[in-house]
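Notes follow the structure.
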């Protein structure tokens, strides 16, 4: 289909030439219509050579990064050094002065090139801006600094009650501990890493900004936003709009949580703002565990099945939609489960999916345990894996083997996690009894405390802080103050104790360090996922969006493949409008949670609103 479209475009551009020679035979005309022009030929030659070398270097860098994330030995800098060398080689190529020169020259003739060629060249130039060798020393120092920051980030020894603990341990305690003083100690333990990262993060800010400024971007945040085809101001306007649209519902959830948690912890004077250690998440980004829905708590049944079952079951779900089985190498090469207690090294416990060679070497880094949270996470991460697989085809050039935009990748995975927890789906798998009586209002409340509550954090606190940090040159003596100012403004959350500039609480969020200036990806992904889910439920499955069962639907699989298979070769806005009939909007998300508003307003009657 894509080749056919390009043929039509080429034919249209040659109509005038053909009309001048009426004696041209039909065969000659057809040949002329499909013959590439001079610039298309040059672009093809350049892109073929460029892509081959890019894939080779990308693969080598991925292997080095994988080792740095899965085998961390405190004090041993060998992995960090190897990762830095691999990334330096990739940077030297993608940002080479000669490549930048050729890319710019070819793009000067974009009107003579095919859309697919233009898209690849623009992607290569965007990649170059992160590694321009016109400032090679800056790029080299940035890469080295990033590798060192990763080692600090994932090699940190968290301690609670005199013992070393993992982030999984801390998360579990924050979900279940009921003693406020113990909760405070857990929360403070989770923030202990912050000060160790401050010097490195400030250094990285300067290096990241200087890197992209060499190709004309004013700052790193602007550079990241440009990948969406948006300016910094346009991106911030978009995320603020989403926050505003969801604010009425968040206000009700915030009021509800304040009063319910005060009751839970025996506090008579309900605070105007939520103390951070009251919430069941280190950053207050997910409050879902505040509500237990009778009949939908899977922990007990999952504990009997074990973590391996969860990963295989997630694969079976995708296969039921018509996707292929994962390659054997996925299970052979991935790091899916927690390390043994006596392991002599550490690993990054933050779940992620890896497209190692931009082809079929697909891996996931997780620490799956047999509980409901990891059940959802496995479905999410395999969403990334199947997205990678869908566009790893000859029709999609390696440079465009990525999501329609970065948010799409997150949207697909998170949507599948949502679908895998709805009652009809769970009943179909035998994880719950189909006759189990469940409180649908409480089920919707639990979802809202995860999905809606996340928006002020992602599009508010994180996006605003990184915008201030990179684009507005936030002073080094205001980093923590700005963070807590935003937490109060957007989340209605305050620190439990004084948090001066001797702390760096934003840096305790891994993405601030190693996936910077793009956390709005996750907020936009939630908006997109509800648009996609709404379309699937209403128009494909003909089911209530709150009670769907995707399992076994080849029509759903076909819908998803149509979105996933082109990678980034098509404009993300066109894809969304084409598949759902609407532009990016929180409409579907608001509609989904609208039944909850009356319940919350009734619960909050007579209570004080502070947001």
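The values are calculated or read from the model by the stated rules, or taken from the named source; none is laboratory data. Just so it is clear, the model here is predicted, and its values are computed rather than measured. Neighbour counts run over all protein chains shown; Cβ positions are idealised from the backbone, glycine included.
Within the stretch 244-255, the set of residues being over 18 Å from residue 607 (Cβ atoms) and surrounded by fewer than 21 Cβ atoms within 10 Å (Cβ to Cβ) comprises 244, 245. Applying the set (1) assigned to a loop (DSSP other than H, G, I, E, B); (2) buried (at least 19 other Cβ atoms within 10 Å of the Cβ) to residue 544 leaves exactly one unmet item: (2). Selection of the stretch 263-286 for residues being without any contact (Cβ under 8 Å) to a residue 24 or more places away in the chain and either part of a helix (DSSP H, G or I) or not assigned by TED's automatic domain parsing to the domain that holds residue 427 (or both) yields only 263.
State whether the residues of the stretch 322-343 include one that is outside any loop (DSSP other than H, G, I, E, B), in contact (Cβ under 8 Å) with a residue 24 or more places away in the chain, closer than 30 Å to residue 562 by Cα and out of contact with any strand residue (DSSP E or B) (no Cβ under 7 Å at 6 or more places or on another chain). Yes, the stretch 322-343 contains at least one residue that is outside any loop (DSSP other than H, G, I, E, B), in contact (Cβ under 8 Å) with a residue 24 or more places away in the chain, closer than 30 Å to residue 562 by Cα and out of contact with any strand residue (DSSP E or B) (no Cβ under 7 Å at 6 or more places or on another chain). May I ask you to list the residues in the stretch 560-570 that are surrounded by fewer than 19 Cβ atoms within 10 Å (Cβ to Cβ) and in a helix (DSSP H, G or I)? Residues satisfying the conditions are 561, 562. Among the numbered conditions (1) within 19 Å of residue 223 (Cα to Cα); (2) in contact with a strand residue (DSSP E or B) (Cβ under 8 Å, 6 or more places away or on another chain), tell me where residue 129 comes up short. Failed condition: (2).
Name the residues in the stretch 498-512 that are in contact with a helix residue (DSSP H, G or I) (Cβ under 7 Å, 6 or more places away or on another chain), surrounded by fewer than 19 Cβ atoms within 10 Å (Cβ to Cβ) and assigned to a helix (DSSP H, G or I), would you? Scanning the stretch 498-512 gives a single hit, 510. For the stretch 286-304, check the following and say yes or no: at least one residue is surrounded by 14 or more Cβ atoms within 10 Å (Cβ to Cβ) and under 30 Å from residue 402 (Cβ atoms). Yes, some residue in the stretch 286-304 is surrounded by 14 or more Cβ atoms within 10 Å (Cβ to Cβ) and under 30 Å from residue 402 (Cβ atoms). Here is a check on your reading of the model: is residue 289 farther than 23 Å from residue 170 by Cα and in the same structural domain as residue 553 (by TED's automatic domain parsing)? No: the conditions fail for residue 289.
Within the stretch 547-556, is there a residue that is within 20 Å of the chain's Cα centre (by Cα), under 22 Å from residue 383 (Cα atoms) and surrounded by 13 or more Cβ atoms within 10 Å (Cβ to Cβ)?
Scanning the stretch 547-556, I find no residue that is within 20 Å of the chain's Cα centre (by Cα), under 22 Å from residue 383 (Cα atoms) and surrounded by 13 or more Cβ atoms within 10 Å (Cβ to Cβ), so the answer is no.
Among the residues that make up the stretch 177-191, is at least one of them touching a helix residue (DSSP H, G or I) at 6+ places or on another chain (Cβ under 6 Å) and outside any helix (DSSP H, G or I)? Yes, that holds for at least one residue. Residue-level analysis places residue 258 outside the set of residues that are in the same structural domain as residue 519 (by TED's automatic domain parsing), assigned to a helix (DSSP H, G or I) and surrounded by fewer than 17 Cβ atoms within 10 Å (Cβ to Cβ).
For (1) at pLDDT 95 or above; (2) out of contact with any strand residue (DSSP E or B) (no Cβ under 8 Å at 6 or more places or on another chain); (3) surrounded by fewer than 23 Cβ atoms within 10 Å (Cβ to Cβ), each residue gets a yes or a no:
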| position | (1), (2), (3) |
| --- | --- |
| 486 | yes, yes, yes |
| 491 | yes, no, no |
| 496 | yes, no, yes |
| 514 | no, yes, yes |
| 520 | yes, yes, no |
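Set side by side, the residues 196, 222, 244 differ, and just one is in contact with a helix residue (DSSP H, G or I) (Cβ under 7 Å, 6 or more places away or on another chain), in a helix (DSSP H, G or I) and over 29 Å from residue 174 (Cβ atoms), which is 222. Got a number for residues in the stretch 381-401 being farther than 18 Å from residue 57 by Cα and assigned to a loop (DSSP other than H, G, I, E, B)? Count: 4.
From the list 458, 404, 448, 411, the lone residue that is in contact with a helix residue (DSSP H, G or I) (Cβ under 6 Å, 6 or more places away or on another chain), modelled with pLDDT of 95 or more, assigned by TED's automatic domain parsing to the domain that holds residue 273 and not in a helix (DSSP H, G or I) is 404. Please work out if residue 399 is in the same structural domain as residue 336 (by TED's automatic domain parsing) and on the phi > 0 side of the Ramachandran plot. When the stated conditions are applied, residue 399 does not pass them.
Could you grab me the full set of residues in the stretch 471-497 that are outside any helix (DSSP H, G or I) and touching a helix residue (DSSP H, G or I) at 6+ places or on another chain (Cβ under 8 Å)? 474, 492, 493, 494, 495, 496, 497, listed by residue number. Quick check, is residue 222 more than 30 Å from residue 588 (Cα to Cα) and outside the structural domain of residue 141 (by TED's automatic domain parsing)? Answer is no for this residue. Exactly one residue among 228, 217 is closer than 30 Å to residue 590 by Cα and part of a loop (DSSP other than H, G, I, E, B), and that residue is 228.
Quickly run through the stretch 289-314 and pick out the residues that are outside any loop (DSSP other than H, G, I, E, B) and either closer than 30 Å to residue 261 by Cα or in contact with a helix residue (DSSP H, G or I) (Cβ under 6 Å, 6 or more places away or on another chain) (or both).
Hits for the stretch 289-314 are 289, 290, 299, 300, 301, 302, 303, 310, 311, 314.
Give the residue that is nearest to the chain's Cα centre (by Cα), with candidates limited to residues of the stretch 513-541 that are under 16 Å from residue 205 (Cβ atoms) and part of a helix (DSSP H, G or I). Here the residue is 514.
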